[in-house]
């Protein structure tokens, strides 16, 4: 294992009775990554994260963190990691500041300056003295992220970090994740159902479904594969419609006003452009796109969902 690999799992699996929640999972997170961990409900994301944080014992396989085996060298493997899994819990009748003091004490203590720093990072400094019972769900999510950052870990694992946040809050968390990666040299792994949020911040990702790895790699490279949705707009509209009807390998064509949404292989887009020019179509737009959501659905939509684990 090279020094650039922060996390590596080998044949990782967790079985509950006769059901495998996670099976044969091989992941690789590299230093400096913002790594998106995606999958539908019941895919095994939270179970995987619990195994990575040593909250659940794997049925099979191994986890390596910073080159240390989690099974054989647990303390060394976890010493530079912080994380939250699903809904973070706190003492509701204590303040956010006091909650973080207690968490810090469990790990050797945290200074008032560090507690204030992480509260400012997540936008809770002005509410630091308020009891957590007065916090909204989104504020509790922010406090959970603050807790994960308290020990200044090199590797941060966040399970649904934008859950319960309004659009402005989501934007702030995206900015925080970018800041952690680019300015504080942290490696971040985040799971989310908000695929567009992951697309905005992640450079690498893995998709799992029914507990098994579907794909893994650079986000940009994965989105270049397969079919694209192409917006075609030109005049006269009748000629555009005629060209599309004669093109090979055209999939679904959806007409929206004076524009067309066309599904087609990426490599056939230049051929379409040439055909439009030959027909003397005045092209206003020929825009290929493929969002992470479209890609995610294309590789998981035929798999049935199971109960969330």
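Readers should treat all values here as calculations from the given coordinates under stated rules, not as data from a laboratory. Because the structure is predicted, anything quoted here is derived from the model rather than measured. We place every Cβ from the backbone using ideal geometry, glycine too, and count neighbours over all the protein chains shown.
Computed values, structure above
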| read-out | value |
| --- | --- |
| Ellipticity estimate at 222 nm from DSSP helix runs (n ≥ 4, -39,500 (n - 2.57)) divided over the chain, nearest 500 | -9500 deg cm²/dmol |
| Residue 79-residue 179 FRET efficiency (beta carbon distance; Förster radius 25 Å; 0.05 resolution) | 0.65 |
| Relative contact order [Cα under 8 Å, 6+ residues apart], the chain, whole percent | 21 |
| Ordering of 25-34, 250-259, 229-238 by packing [mean C-beta count within 10 Å, highest first] | 25-34, 229-238, 250-259 |
| Long-range tail of P(r) for segment 221-262 (Cα pairs > 15 Å, %) | 43 |
| Spin-label pair residue 72/residue 203, simplified geometry with 7 Å Cα→Cβ offset, distance in nm | 3.0 |
| Shape call, segment 9-124: gyration tensor on alpha carbons, a/c limit 1.5 | prolate |
| Cubic angstrom per residue, convex hull over Cα atoms of the chain | 163 |
| Top of 36, 83, 109 by mean-square fluctuation, Gaussian network on the chain, Cα under 10 Å | 109 |
| Radius of gyration, Dmax [segment 52-200; alpha carbons; angstrom] | 15.4, 46 |
| Gain on full stretching of the segment that runs from residue 254 to residue 231 - 0.36 nm per residue minus C-alpha separation | 7.3 nm |
| Most fluctuating residue given options 249, 99, 203, as computed from a GNM of the chain linking Cα atoms under 10 Å | 249 |
| Simple label model, 7 Å out from Cα along Cβ direction - residue 5 to residue 285, nm | 4.4 |
| Extended-chain gain in nm, criterion 0.36 nm per residue less alpha-carbon gap, residue 246 and residue 129 | 35.4 nm |
| On Cα atoms only, tilt of 167-182 relative to the major axis of the chain in degrees | 80 |
| Acute angle (nearest 10 degrees) that the helix 96-106 long axis makes with the longest principal axis of the chain, alpha-carbon atoms | 70 |
| The chain - share of DSSP beta bridges that are antiparallel (%, nearest 5) | 70 |
| Spacing of the two label points (7 Å from each Cα toward its C-beta) at residue 137 and residue 214, in nm | 2.4 |
| Length gained when the stretch residue 26-residue 274 is fully extended (0.36 nm per residue, less Cα-Cα span) | 85.0 nm |
| Fewest-first ranking of 81, 283, using other Cβ atoms within 10 Å as the exposure measure | 283, 81 |
| Inter-part distance where segment 1-36 and segment 161-207 are each reduced to a Cα centre, Å | 19 |
| Kirkwood estimate for segment 225-289, i.e. one over the average of 1/r between Cα atoms, Å | 11.4 |
